[in-house]
1. Show the residue pairs that are 6+ apart or on different chains and have beta-carbon atoms under 7 Å apart, the first residue being within the stretch 75-87 and assigned by TED's automatic domain parsing to the domain that holds Ser138 and modelled with pLDDT of 85 or more, the second being outside any strand (DSSP E or B) and of a type in the set (A, V, I, L, M).
2. Out of the residues in the stretch 227-280 that are without any contact (Cβ under 8 Å) to a residue 12 or more places away in the chain and among the polar types (S, T, N, Q), state the one that is farthest from His184 (Cα to Cα).
3. Restricted to the stretch 41-52, and to residues that are surrounded by 13 or more Cβ atoms within 10 Å (Cβ to Cβ) and under 20 Å from Val136 (Cα atoms), which residue is farthest from the chain's Cα centre (by Cα)?
4. Do you know which residues across the stretch 184-206 are among the aliphatic types (A, V, I, L, M) and outside any helix (DSSP H, G or I)?
5. Looking at the stretch 203-210, is at least one residue β-branched (Val, Ile, Thr), in contact with a Gly (Cβ under 9 Å, 6 or more places away or on another chain) and outside the structural domain of His174 (by TED's automatic domain parsing)?
6. Out of everything in the stretch 149-169 that is touching a Leu at 6+ places or on another chain (Cβ under 8 Å) and surrounded by fewer than 23 Cβ atoms within 10 Å (Cβ to Cβ), what residue ends up being nearest to Leu87 (Cα to Cα)?
7. Only residues that are loosely packed, with under 15 Cβ neighbours inside 10 Å and in contact with a Lys or Arg (Cβ under 9 Å, 6 or more places away or on another chain): list them for the stretch 258-293, please.
Amino acid sequence: MRLAAVIAIVLSVTPAAAAPAIDLPLARALLPGDTGCGDVACLIERAYQPDPRAKQLALALWADRGDLAGVGTDEIMDGGYRGTIHLVPQLPIGAYRQHLAWVAEAARSIDRFFADVFADQAAPNYRWRGLAFRFVRSVKKRTPSAYATSWAIEYNVAGSLLTTADGVRETLFHELFHNNDEAHGDWSAGHLQSDYEAILARCGQAPAVKCLAPYAPNTTMVRGGTYYAFQANNGNPVHEYAAELAVRYFKEQREMLAAGKLAKPAFKCGPSENARAWQAMVSEFFGGRDLVPAC
């Protein structure tokens, strides 16, 4: 009875921006070993034939959520502060199957999150299903852990952040926000840039971690550097600040659901820039829904 109720809730909270189906040509581009298949499930079965357990996970992702677990391309990536990176396709089978299992669990966790936060009300204008997961492996490097574009998430099986279920879940929520930010017309650059630049100006040209700490939405750090939300030479870094802000929303709402209170002060209760960024993001992407009490 409880299971049926949970399923009903999950099905009722579908993304407001309906996810277009991943079509057969795209699936063929992302899955190796096409031998005349006429549907996506067949492609998955052929590609994952060497690993029955991985095949089961990939088929469930496709059947339950319309997510496709395939591979990225062989590419030389300009990684900004990370340097040049060689990425090669890596299907998550065999020794890499754990990554597919973590992705599947993260996807289920994100479904539960939206079902619980938006129970008995309209879903937000936010998409979290119908994604293409493109698995790759970096050669002689452990970055980037992931990146997102056009409803796809490139997932690096050698990524330094992707070594635990928690790390995968937070990273995928971060990348999921990037896709939604893009779909909302590069919202973060248009609405958070001024406050973001004011924070950097206040903390100086080589900002100290101590100065940035009150403004950092999340704890992710660049090794030997600063908060990822404020890392230079990383595209327009306000995009990363916004995605880390979304991760903070994810973490705070989950904590409120689990415990009814936060163990540390809410992000929005910090400096005024925090409160403005929080309110703007919650209103735009999460239907104004915030389980954290007012400051």
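1. His86/Val139
2. Checked the stretch 227-280; the qualifying residue farthest from His184 (Cα to Cα) is Ser272.
3. It comes out as Arg46.
4. Hits for the stretch 184-206 are Leu192, Ala206.
5. yes
6. Across the stretch 149-169, the extreme among qualifying residues is Ala152.
7. Scanning the stretch 258-293 gives Gln279, Pro293.
Each row is one residue, and each column tells you yes or no for (1) in contact with a strand residue (DSSP E or B) (Cβ under 9 Å, 6 or more places away or on another chain); (2) more than 21 Å from Arg127 (Cβ to Cβ).
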| site | (1), (2) |
| --- | --- |
| Gln49 | no, yes |
| Arg53 | no, yes |
| Gly66 | no, no |
| Gly70 | yes, no |
| Val88 | yes, yes |
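The values are calculated or read from the model by the stated rules, or taken from the named source; none is laboratory data. These numbers come from a predicted model, not from an experiment. Ideal geometry is used to build each Cβ from the backbone, glycine not excepted, and the neighbour counts take in all protein chains shown.
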